[in-house]
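A.B. asks: Let me give you the structure first, and then I'll get to my questions.
FYI, it's all coordinate maths here, none of it is from the lab. All values reported here derive from a predicted model rather than from experimental measurement. Backbone-built Cβ (ideal geometry, glycine too); neighbour counts: all protein chains shown.
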Ligand SMILES: [Zn+2]
């Protein structure tokens, strides 16, 4: 199988890649630091670390989502930065939502079923993800702004497979790049416009 086409192998090797998980956690550490340096997005107040428990299903043993709280009296609001690990409120890790949704467009149904069952994802969940990529995601302001940078243009009907192939995610650093690209939509405030 060509490396630039869809492969169950690269999906599974990413899902078993502990170094990938460590790298993503480190990138999230950088993202929370960047957000902290910028100050509270409501009042510019000083931010303090205030992580919260979040254990994604289907692989990585992450336990907390990195987050911040404003220290200014009268604000004290939570500022949760973008993440390359958590995709909004999805209960599965972001890389699983991306990779397994992509597989659905590229592999025979029997192989998708095996992959899905190995990760404990029920059929309805995968169908919901599919509808989300083809609906809310491709119609979002985020994607309308971002899509122009892809040449040739990506075909919406095969999202997110077309996105994965464009980023060449069979290579670990390229998968991290794709998750970084998606990071702006992972904050609670951005996610509320994209949920579904
Ligand atoms: Zn504040």
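A.B. asks: Give, in nm to one decimal, the length gained when the segment between residue 149 and residue 195 is fully stretched (0.36 nm per residue of separation minus the Cα-Cα distance). Numbers along the way, then the final one.
C.D. replies: Numbers: separation 46, 0.36 × 46 = 16.56 nm, distance 2.41 nm.
Contour length minus Cα-Cα distance gives 14.2 nm.
A.B. asks: How many angstrom separate the Cα center of region 126-150 from the Cα center of region 35-104?
C.D. replies: With region 126-150 and region 35-104 each reduced to a Cα centre, they are spaced 21 Å.
A.B. asks: Now for a different question. Pick from 181, 137, 167 the residue whose mean-square fluctuation is largest in a GNM of the chain, springs joining Cα atoms under 10 Å.
C.D. replies: Comparing 181, 137, 167 in the GNM, the peak value goes to 181.
A.B. asks: Let me ask something else about it. P(r) for region 129-196, please, calculated from all Cα pair distances in 10 Å bins and given in %.
C.D. replies: For region 129-196, the pair-distance distribution reads 20, 55, 25, 0.
A.B. asks: Right, here's the next one. Hey, fewest Cβ within 10 Å first, where do 150, 66 land in order?
C.D. replies: Values: 150 12, 66 24.
Least crowded to most crowded, the residues run 150, 66.
A.B. asks: On full extension of the chain, what length is gained from residue 108 through residue 78, given 0.36 nm per residue of separation minus the C-alpha to C-alpha distance?
C.D. replies: 6.5 nm
A.B. asks: Using a Gaussian network model of the chain with C-alpha springs under 10 Å, which one of 138, 169, 84 is most mobile by mean-square fluctuation?
C.D. replies: Looking only at 138, 169, 84, the largest GNM fluctuation is found for 138.
A.B. asks: Let's test the formula: R0 of 22 Å, r as the Cβ-Cβ distance of residue 52 and residue 18. What FRET efficiency results, to the nearest 0.05?
C.D. replies: Numbers: r = 24 Å, r/R0 = 1.08.
For residue 52 and residue 18, the calculated efficiency is 0.40.
A.B. asks: Can you tell me how much longer the chain between residue 118 and residue 168 gets when fully stretched, taken as 0.36 nm per residue apart minus their C-alpha distance, in nm with one decimal?
C.D. replies: The residue 118-residue 168 span can extend by a further 15.6 nm.
A.B. asks: Next question, about the same structure. Mind pulling the angle between the C-alpha long axis of helix 109-119 and the longest principal axis of the chain? Nearest 10 degrees, somewhere in 0 to 90.
C.D. replies: Between the helix axis and the principal axis of the chain, the angle is about 40 degrees.
A.B. asks: Given points 7 Å out from each Cα along the Cα-Cβ axis, report the residue 44 to residue 134 separation in nanometres with one decimal.
C.D. replies: 4.7 nm
A.B. asks: Gaussian network model of the chain, Cα springs within a sub-10 Å range: biggest mean-square fluctuation belongs to which of 105, 42, 170?
C.D. replies: Fluctuation is largest for 42.
A.B. asks: Please list the three semi-axes, largest first and in whole Å, of the ellipsoid equivalent to region 1-83, using sqrt of 5 times the eigenvalues of its alpha carbon gyration tensor.
C.D. replies: With the √(5λ) rule applied to region 1-83, the semi-axes are 35, 13, 9 Å.
A.B. asks: Something else now. For region 23-156, taking Cα atoms only, what is the radius of gyration to one decimal and the Dmax to the nearest whole Å?
C.D. replies: 17.7, 56
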